[in-house]
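The values are calculated or read from the model by the stated rules, or taken from the named source; none is laboratory data. Remember, it's a predicted structure, so these values are computed and weren't measured experimentally. Note that each Cβ is placed from the backbone with ideal geometry, even for glycine, and that neighbours are counted across all protein chains shown. To get the accessible areas, we keep the full protein, side chains included, count just its heavy atoms, and leave off ligands, DNA and RNA. Shrake-Rupley method; radii C 1.70, N 1.55, O 1.52, S 1.80 Å.
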Protein chains: 2
Amino acid sequence: MEEKYTRLWLNYAKREDAGNGRFFKNVYVTGFEKEETFSVLQSALGELTRGCSEMLGVLPIVHSGKQEDREETIKEGFAIKLDPALSEETYKVREEGGCLTLSAGCEAGVLYGMFHILRQIAMEKPLAGSCVTKSPDCPYRMLNHWDNMDGSIERGYSGESFFFVDNEIVVDERTRDYARLIASIGINAIVINNVNVKNAASLLITDTYFEKVAELSRVFAEYGIALYLSLNFASPMEIGGMNTVDPLEPSVIAWWEDKMAEIFAKIPNLGGFLVKADSEGRPGPFTYNRTQADGANMLADIVKKYDARIIWRAFVYNCQQDWRDTKTDRACAGYNSFKPVDGTFRDNVILQVKNGPMDFQIREGVSSLFGGMEKTNEMLEVQIAQEYTGQQIDLCYLMPMFREILDFKTYCRKENDTVADIISGRCFGNTNVGIAAVTNTGNDRNWTGNDLAAANLYGFGRLAFDLSLSAEEIAREWILLTYGNDPVVTDTILDMLMHSREIYEQYTSPLGVGWMVTPHYHYGPFVDGYEYSRWGCYHRADHLGIGIDRTKEGSDYVSQYHEPNTSLYNDINTCPEELLLFFHHVPYTHVLKSGKTLIQHIYDSHFEGYERALLLQQKWATLKDHLPAEVYHRVEERLIRQVANAREWRDQVNTYFLRKSGIPDEKGRTIY
Amino acid sequence: MEEKYTRLWLNYAKREDAGNGRFFKNVYVTGFEKEETFSVLQSALGELTRGCSEMLGVLPIVHSGKQEDREETIKEGFAIKLDPALSEETYKVREEGGCLTLSAGCEAGVLYGMFHILRQIAMEKPLAGSCVTKSPDCPYRMLNHWDNMDGSIERGYSGESFFFVDNEIVVDERTRDYARLIASIGINAIVINNVNVKNAASLLITDTYFEKVAELSRVFAEYGIALYLSLNFASPMEIGGMNTVDPLEPSVIAWWEDKMAEIFAKIPNLGGFLVKADSEGRPGPFTYNRTQADGANMLADIVKKYDARIIWRAFVYNCQQDWRDTKTDRACAGYNSFKPVDGTFRDNVILQVKNGPMDFQIREGVSSLFGGMEKTNEMLEVQIAQEYTGQQIDLCYLMPMFREILDFKTYCRKENDTVADIISGRCFGNTNVGIAAVTNTGNDRNWTGNDLAAANLYGFGRLAFDLSLSAEEIAREWILLTYGNDPVVTDTILDMLMHSREIYEQYTSPLGVGWMVTPHYHYGPFVDGYEYSRWGCYHRADHLGIGIDRTKEGSDYVSQYHEPNTSLYNDINTCPEELLLFFHHVPYTHVLKSGKTLIQHIYDSHFEGYERALLLQQKWATLKDHLPAEVYHRVEERLIRQVANAREWRDQVNTYFLRKSGIPDEKGRTIY
C-alpha cells in the first residue's frame, strides 16, 4: 500500500549490517526507576525497534531493571543508562567489548542518543569503537510554523497545514510522525500557529481549543518537544472585551494573570509564547508609549510561575515609510527600538532576532542586534521556508548561509563573540538562548514541496544541535539517510546542494542589494517592485549607480556594529564585495576586485547564474535511473520551473540595468 | 425620513415655474388605442405626475380618448399624441397658443419626450415656444454592468451590485428607480452581468434564475429598455456536459437551439446576448481553429427567430505575450483578428469595439477597427467605470474624451466617416449599430462613489442619444438637474469637470504612452508595473527615450488606418503630440512644439497636474455653503485622496525619469 506521505530521512530501508546488528538483539535499560513517566524513553525504544527491524532485520528484546542487577551480566548487547553526571539532553555513546552503551542525563538525552545510533546504522557506519559525548549547543532549538487555522500557511510553499483544517486542530498519525522527524534532528520546541495571530487563532487560548491543544502538546512532549503558541498581544481587547492592552495598566495585567492561570491549568506542558508586537500592523507596547521591554516583561512576570518563557520578536520597523525619505533606513530600526532597553528584560524573555536587519534576503549583513544586545537573551531566527530564496521551487540549500551567519564575529568581546557563541550561551553565559526557524513543511506528500528542500529542515535541526557541523557534512548525512548509499546519487546531489545558494544569488539580486522581487508574492523578479513602496526596501538605482548608502555619510547603520566591523563596512575598499550594495551606493563603473566594472559584474553573474541553473537540471537528469521515479519527476518539475525563473531574472535584471545605465555588455550577449 | 440612496439628476426639487405649470393641469392622451400594452406610456405619465407635482406643485389630470374627440377642445394644456409619421423612439415637442404637444412614433418616443420636457422644467426653461424634433442618433444605447452574482463588481468603484446579492437576483424599488434614471437619459439596452461569465452566472440561462431574470426584464421593459445577458461561450461544456464548444459542431449547434428555445420561452423580452470570447482566458472559436465570425454567426442564426442580437466583443489579443518580444504589438491584435472576416458576419451580429486598441487609457489612438471594418455592424464600447482614469476617486469627466473619439475622422469614405457616423449608421447605412458603456454604478448611497462621477453616466446617455451634444452642454445640464440653479455651483463645477480629464492626464502617463499603473488594481502609479509582464502594454523607456514605435519601421500599427491618418501618425513631425509616445519611441531631448524637450515636458506636466489637482480641491472648498453638507463632504473626501494620488504620480514618474535619463529639471524643483 502506498504511504500517504514520504518518510524523509527516517526512511529505514534495508541497510548493510556493518557489524551493527549484533548489538541490538538484547537491550538493557537501567536507572530510570525514578522518572515519573517514561514516555520519551518509550518513544526512543519504539524508534529503536522500528529502525533495527526495518534497517537490520533485528527485533530487539528490551530488558529493564535496576542497574546493579544487570551490570556484570551484559556481554554483548545494548545498554541504556541514566547517568546523573550528564546534563539534561546530553548523550554518550560508547562501545567496548561488544557492548554498546548509551548514557544520558535524562530521557531526552536517550532519545537524541538513539537517533544518533540510528543515523549511524542508516549510514552503514560501524558502531564498534563508538566513543562520542554530545550536548546540544543551543538550549532552545525551535520551529516556528506560520500556519493559519483555516489551513492556509503564510509563506507556505508545500501545501496546507497539517495542524489545522477548517479551524479545527488535527491530531493524527501524521502529527506523531512529524514529531518523530523533528525530534530525530534535535528540535525541542515548536510554535504551531502563525505569528500573525488573527481570526480563530485568537481563540487558541480559550476553552474552544484547550482540549485539542493539550492533546497536541502531549504528542510532542513524548518526543521531548515543548509546545508554544503565538500570542496576540491584543487579546485583552480581542477576546477579553477590554478597551486597552497597555501593558502597565493594572486591569490588563489582571486579565493576563487570570488568562494564564486558565491556560496552564489546561495545558500544563506549554513552553510559553511567541509574540509579534508593534510589527507590520500588529498591536504592541509602542501604541501606549511603552517600551518593548514593558510589554515582554509584563507577560514574562506572569508566566514565570509556570516555568514558561516569552519569546519576543525583534522584527519592529516602520512599514509606512515614504519612499522619498532617504534618511530613514529600515535596517536601523530593530537596533534603535531594542538597544535602549538592553538589560531591562526579564530572564525568561528571549528576544528572537532575524539573521539580518532586513528580511531573509539571499544576502544581507548580520543583524547588529547580535553583539549589540549584550544583556538580553537572544534567539536567532532564520527562515527555511524559502520566501525570498526560491519558494521551494528553486533549489537553495541554506546551510552555507547559516554557517556564515553563525561564524560572524561581532567583536562584542575579545573571544567567543560569534553569533554561534551568543545563541549557545558561550558568549554571555546565559541559558535562555537558542535558534528558531520559520519552517518549510506542509501537507504535501513530500512535506516540503521540493524534495530537496527537506535538506533545509534536516540541516536546520542538526545545526541547531551541533553548531560546529559544516554545511557539507550535514548535506552528506541527509542524502545518505534519505536516498541510501549510492555514490552517484550522493556526489551529484551534494554538488547540487552545495552550489545552489550561490547560483540563486547569481541570477537574482546582486551584491547584497536584495529585494527586486514581485511585491507581496516575493517570487520572481520585479526590479522596481518595492522601489516606490512603503516597505522600506529600496535599491536606489539611477542612471549612474545603485545601492543603499548605510555608511556614516548615509544612514549610518554601520555604526550599530562593533569595531572593526564598522570601519570595515564603512569603507568601500574594505567592505566585503558580496555586501557591497548593501552598504554602499556604487557607480556602475566602479571596478571590483575581479577587475570587472559593477555593471559588467551584474551582467556576467546573471548570465552565469542562468547557465548554472540549467546545469543543475542536467545534473539531476543523470540520476534518472538511480532514484524512485516519483522522486525524480517531482524534482525534475521543480528544476524546469527554476530554469524558467532564472531566465526571467536574468533578462529582467539585465534589461533593466542596460536601459538605465546605457552601458552595453562587453561580450555583446542578448539583453532586451 | 432620509432616503436610502440619492436621486441623482432626477431630484425633482421645487423649481421656478418659468410659465411651465399652466400646461400640466390637464393632460390629453390620444392615439394609443391600438398599442397592445401601455406600460411605457404609463411610466411616462407616472414620471410626469411625479415631476410636475414635485417641481411645480401641479398635479396633472390625465384625459385619454380618441384623437378626434379631443382635437378642438384643447385650449390650454398638454397633449400627447401618437404620430405614425414619426419613427420609433422619435419625439416632437411643440408649443402653440398655450397648448404643449408631445408627438411620438411609439410609446418609447413619448417617454423620451417626457424626459425632455421634465429636463426643461428642472432647468427652469420656459416650454413656451418649444419646437423640437429629436430622434436618437444611435439605435442601440447600452450599459454593460460587470456585476458578478456574488455581489462584487469587476472594476466597480461604488460599492456592490444592486442586481445580485449572494447569488440571488434582487428586484426592488431601487431597480425601478435605476430604470427611471437610465431611461431618462435615453438608454434602451442593458447587460446586467459581467462579460466574464463564471460561477453562478453560468446558470442565468437555466431554470435556477429564469423567473427572476424575466421579472427584471419586465421592469426594464416598462422603461423601454431591453435586457441582455452576457453569455458564456463555453456553456455547452459548463452547463451542458458536452466536451466541445466548437461552433461548427452539429451537436453544439443543436444544444444551443434547444437552450435558446428554452430561454426565449421564459424571457420573451430578452434583447440578446453579449459575448466575450477568446479574450483574456475566456474560451472561444479560436480554440477550435474557427473564426470569430463562425462563433458569432452560429449564435446569431439561432437567435434570429426571436428577433434578438449577438453583441460580440472585439477585445481579442494575446495576453501571454513575452515582454522580450518587441515585434508583437497588442494594439494590432483586434484588427488582425477581425479584418479578415469583415463582411462575413450576420446582420444581427454587432461587433463591440473598445474606443482604443489598448484598454480604456486616459489617451490612446482611436481603434483602427472603426473605419477598418466597412461591412460589419459596430458598437463603440467606452468605459465610464473609471478603471484607468481615477476609479471614481479622482475627478475625470469623460465627455471631452468621448467627443474626440466620436469626431475622429476615419477617412473610410469621402464624407460621414467619423466614428459618430459609423455608430449611428450614417456612414454605412446599417441599423444594428450603437454605443455601449461599461458602467460606473453600484449600491453606494450616491450610486457612483464620487458624486461628480454621475456626470459620466448622465453624459454617456445623453451623448448616445444625441451625438452632436458638446461636453460642456451636457455638463451644464447635469449640474442644473442635480444641484439646481445656483450660478456659483454651476460655474465652479462646470470648470472643475471641463478641466478634469486634462488634469488627470497631466499627472499620470504622458503623451499617450498609457499604463504605468499598479498591476491588477490599476489605481496609482507604478511606472514599470507592466513593463516586464505578459500583458502587452509597455512603455519601453530606457536612458535615452521612451514610447512605442508603431510606425512602419516599428509594429506598423499605423498602417491599419486609412490615409492620410497613416502618414500623419507615421511621421513624428505630424503626429499629434498628445499621441506622440503612443506612436513613436522618442528621445528625451526631442523638442516639442512648445519648445520644451520631451523630458522637460514630462516634469512640467507632472508638476502642473499636481498643482491643478490642488486647485480642484480649493475650488470645491468655495462651494461649502452652496451644497448639502452630505454632498460637500463626500466629494471633499475624494478630492483629498485625488491630491494624494496626484502627488504620488508626480513624484514617482518624475523620479523614475530623472533617475533613468539623468537629465535634471530645468527649474530645479524637488525630484527624489
Just for segment B:616-631: of the residues that are open to solvent by less than 10 Å² (accessible area, probe 1.4 Å) and assigned to a helix (DSSP H, G or I), which one is nearest to B:Met498 (Cα to Cα)?
B:Leu616
Six or more apart or on different chains, Cβ under 6 Å: which pairs go from a residue in segment B:317-332 that's within 13 Å of chain A (Cβ to nearest Cβ) to one that's of a type in the set (D, E, K, R) and open to solvent by less than 20 Å² (accessible area, probe 1.4 Å)? Could you list them?
none
Breaking point among (1) in contact with a helix residue (DSSP H, G or I) (Cβ under 8 Å, 6 or more places away or on another chain); (2) crowded, with 23+ Cβ neighbours inside 10 Å, for A:Gly156
(1)
Hey, could you check segment B:641-667 for residues that are more than 8 Å from chain A (Cβ to nearest Cβ) and farther than 29 Å from B:Ile393 by Cα and say which is least open to solvent (accessible area, probe 1.4 Å)?
B:Asp665
Among residues of segment A:363-376 being open to solvent by less than 10 Å² (accessible area, probe 1.4 Å) and assigned to a loop (DSSP other than H, G, I, E, B), the residue farthest from A:Ser509 (Cα to Cα) is A:Thr376
Would you mind finding the one in A:Tyr317, A:Tyr335 that is within 25 Å of the chain's Cα centre (by Cα), surrounded by 19 or more Cβ atoms within 10 Å (Cβ to Cβ), of a type in the set (Ser, Thr, Tyr) and in a loop (DSSP other than H, G, I, E, B)?
A:Tyr317
Listed residues B:Glu88, B:Glu96, B:Glu124; which is open to solvent by 40 Å² or more (accessible area, probe 1.4 Å) and free of Cβ contacts under 8 Å to residues at least 12 places away in the same chain?
B:Glu96
Pick from segment A:299-313 the residues that are open to solvent by 10 Å² or more (accessible area, probe 1.4 Å) and under 25 Å from the mean Cα position of the chain (by Cα): which of them is farthest from A:Thr431 (Cα to Cα)?
A:Asp307
Do the conditions hold for A:Ile182, that is, is it outside any helix (DSSP H, G or I) and at negative phi?
no
Quick check on my filter: what residues within segment B:261-277 are buried (at least 20 other Cβ atoms within 10 Å of the Cβ) and within 17 Å of B:Asp307 (Cβ to Cβ)?
B:Ile263, B:Ile267, B:Leu270, B:Gly271, B:Gly272, B:Phe273, B:Leu274
Please state which one of A:Ala454, A:Ala464, A:Ala437 is in contact with a Lys or Arg (Cβ under 8 Å, 6 or more places away or on another chain) and either over 27 Å from A:His116 (Cβ atoms) or open to solvent by less than 10 Å² (accessible area, probe 1.4 Å) (or both).
A:Ala464
Can you pull out the residues in segment B:469-503 that are outside any helix (DSSP H, G or I) and out of contact with any Leu (no Cβ under 9 Å at 6 or more places or on another chain)?
B:Ser470, B:Gly484, B:Asn485
What residue, of B:Leu274, B:Leu248, B:Leu299, B:Leu270, is assigned to a loop (DSSP other than H, G, I, E, B) and under 14 Å from B:Leu229 (Cβ atoms)?
B:Leu270
Given the conditions (1) away from chain A (no Cβ under 14 Å); (2) open to solvent by 80 Å² or more (accessible area, probe 1.4 Å); (3) β-branched (Val, Ile, Thr), every one holds for B:Thr670 apart from (1)
State yes or no: is A:Thr574 hydroxyl-bearing (Ser, Thr, Tyr), within 14 Å of chain B (Cβ to nearest Cβ) and not in a helix (DSSP H, G or I)?
no
Selection from segment A:532-547 of residues of a type outside the set (Gly, Ala, Ser) and touching a Cys at 6+ places or on another chain (Cβ under 9 Å) yields A:Arg534, A:Trp535
Flag if A:Val353 is assigned to a strand (DSSP E or B) and without any contact (Cβ under 8 Å) to a residue 60 or more places away in the chain
yes
Which of the residues that make up segment B:515-546 are within 8 Å of chain A (Cβ to nearest Cβ), part of a loop (DSSP other than H, G, I, E, B) and either small (Gly, Ala, Ser) or within 15 Å of B:Gln391 (Cβ to Cβ) (or both)?
B:Phe526, B:Ala541
B:Gln352 - would you say it is on the phi > 0 side of the Ramachandran plot, crowded, with 24+ Cβ neighbours inside 10 Å and not β-branched (Val, Ile, Thr)?
no
Within the bounds of segment B:588-598, is there any residue that is part of a helix (DSSP H, G or I) and touching a residue at least 12 places away in the same chain (Cβ under 8 Å)?
yes
